[in-house]
């Protein structure tokens, strides 16, 4: 492992392992965010019903949007990790990888390529990625349901 190619190959293996662990870690974070969203929503709804303060529904709706935004932020970050992992998989499964091994040269494939990461994206691009993550089905379904439930309860308890 004394040559540069072997060192880069080892870095690529470590990067794949780190990406797998990070993607799984983000799944755990996203599950926790959804759990807290439901808990906070339920607590606010119970307080509103108990105290008969319908104006607090605005606070309930604001909390749902806040959790939706946090969820989308973490999901967009996870999506960047998944994108990088897929690029590595594509390289490993392509005929190009045979050439990489044969020539002992990665060519223009960077190992690791940190400039694809979250912190190197422009603010406008970050906002677009967060919005895209927020509008994906597996992200928005829970929050739309909570908003619908809050609106329904507001109409019923008026």
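Run the numbers for residue 66 and residue 92: contour at 0.36 nm per residue of separation, minus the present Cα-Cα distance, in nm.
On the way: separation 26, 0.36 × 26 = 9.36 nm, distance 3.95 nm.
5.4 nm is the gain from fully extending residue 66 to residue 92.
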Subject >> Length added when fully stretched, residue 101-residue 82, from 0.36 nm per residue minus Cα-Cα >> reply: 4.4 nm
**OP:** Would you mind calculating the relative contact order of the chain from Cα pairs under 8 angstrom and at least 6 residues apart, reporting the percent as a whole number?
**Re:** 36
Original post:
What is the spin-label model distance, in nm, from residue 3 to residue 145 if the labels are put 7 Å beyond Cα along the C-beta direction?
Top reply: 5.6
Original post:
For the chain, what does -39500 (n - 2.57) per DSSP helix run (n ≥ 4), summed and divided by total residues, give at 222 nm, in deg cm²/dmol to the nearest 500?
Top reply: -28500 deg cm²/dmol
Subject >> Using a Förster distance of 22 Å, the FRET efficiency for residue 14-residue 121 (Cβ separation, nearest 0.05) >> reply: 0.40
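So between residue 156 and residue 109, what do we pick up on full extension, going 0.36 nm a residue minus the alpha carbon distance? Provide the component values of the computation, followed by the final result.
Values: separation 47, 0.36 × 47 = 16.92 nm, distance 5.88 nm.
Full extension from residue 156 to residue 109 adds 11.0 nm.
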Original post:
Where does helix 137-156 land angle-wise versus the long Cα axis of the chain, in degrees 0 to 90, nearest 10?
Top reply: 0
Subject >> Option label - log10 I(q)/I(0) by the Debye sum over Cα atoms at q = 0.10, 0.11, 0.20 Å⁻¹ computed here, alternatives (i) -0.34, -0.42, -1.66; (ii) -0.44, -0.52, -1.31; (iii) -0.53, -0.59, -1.18 >> reply: (iii)
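Taken together, the values in this text are just the output of simple stated rules run on the coordinates, not laboratory data. Bear in mind the structure is a predicted one, so any value in this text is a computation, not a measurement. Positions of Cβ are backbone-derived with ideal geometry, glycine not excepted, and every protein chain shown enters the neighbour counts.
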